[in-house]
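Here is the structure we will look at.
Readers should treat all values here as calculations from the given coordinates under stated rules, not as data from a laboratory. Nothing here was measured: the structure is a model prediction, and the numbers come from that model. Methodologically, a virtual Cβ is constructed for each residue, glycine included, from the backbone with ideal geometry; neighbour enumeration extends over all protein chains shown.
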Amino acid sequence: MNNVFDITGEAEHFINQKDLMESRNIPLYRKSKDRKINNHGYRLINLCKNNNILIVNGRNRNDIPGEYTFRDTSVIDYYLSSLSAFKMITHFQIQSLDSLYSDGHTIISCAIKLHNFKNIVDLENLEDRVQMFSYFLDPLLVSY
């Protein structure tokens, strides 16, 4: 059975958002060539779940194999999206690593099509959500 912490296969995120994801044709499972997960990965998953954000890597049709983002050995660079913004992603791709110009990180290429920005963001709660997101994100950044 797949669950949030299943590192041997696809990981199901946002169990509480399952119906909404299915209604918007957003894959419940993301694919990844990286089969390992560490404490930073668990913290990222919790950050996403607590803020109704999902990881686009391995979930978008252009990155179904879930390509590596660092030295062809791991996924450490992510593109995150809200459920409402996910449907606006028109292009997502992990570019090939160029060892001449890169420190090991690949380039994540993404394009989104905006229709009406007011529909994306709840302006009344925006400041609170930014503070909460920063509260959970800061420890992830400090640990590096």
Extension gain from T73 to S109, taking 0.36 nm per residue of separation minus the Cα-Cα distance: 11.1 nm
How charged is the neighbourhood of I108? Take every other residue with its Cβ under 10 Å from the Cβ of I108, and add Lys/Arg as +1 and Asp/Glu as -1. -3
Within 14 Å, Cβ to Cβ, of I94, how many net charges do the neighbouring residues add up to if Lys/Arg are +1 and Asp/Glu are -1? 0
To the nearest 20 debye, segment 52-115 has a Cα-centred charge dipole, built from +1 on Lys and Arg Cβ and -1 on Asp and Glu Cβ, of 400
Scoring only Lys, Arg, Asp and Glu (+1, +1, -1, -1) among other residues with Cβ under 15 Å from the Cβ of N25 yields +4
Suppose each label sits 7 Å from its Cα in the direction of the beta carbon; what would the R61-A85 distance come out to in nanometres? 2.2
Run the numbers for N51 and E22: contour at 0.36 nm per residue of separation, minus the present Cα-Cα distance, in nm. 8.6 nm
In which sequence would Y29, Y79 go, from the one with the fewest C-beta neighbours within 10 Å to the one with the most? Y29, Y79
For T69, residues with placed amide H under 5 Å, excluding near neighbours: S74, V75, I76, D77
